[in-house]
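Quick notes on the structure that follows.
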Amino acid sequence: MSEPGHDVAGRITQALKSALSPESLEVVDESYKHAGHAHVISRPGTAAGVGGTHFKINVVSEAFRGKSRIERHRAINAALAPEMGPGGVHAIAINARAPGE
């Protein structure tokens, strides 16, 4: 059985690959850093008993060339909209670059 955080990370990965065709993509579940916070969902069997709520995303995509930081973040947030909201992803830290940056 897979961990809930890994399921969410997989969906995030697929959504970003589909939307941005990235050259490189790293999705890191950092939910364990927020264990004990009121908004963190308890997930038995995951690191620190939590998972799937806080992620760090490092992505390099040609889609970001000529785009501002805000435009890059908006594109990522739009792609991940189905994962956000109550009971879903609470926070994402984004590092979005165009190739060569």
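None of the figures in this text is laboratory data; all of them are computed from the coordinates on show. Everything numeric here is computed off the predicted structure, so don't read it as measured data. Neighbour counts are summed over all protein chains in view; Cβ atoms, including those assigned to glycine, are modelled from backbone coordinates with ideal geometry.
Observations, loosely collected:
- Report note on the peptides 56-69, 82-95: ranked by the mean count of other C-beta atoms within 10 Å, highest first, their order is 56-69, 82-95.
- Working from label points 7 Å from Cα in the Cα-to-Cβ sense, the ASN58 to VAL28 distance is 0.6 nm.
- Those lysines that a straight Cα-Cα span of less than 19 Å connects to LYS17, excepting residues fewer than 8 apart in one chain: LYS56, LYS67
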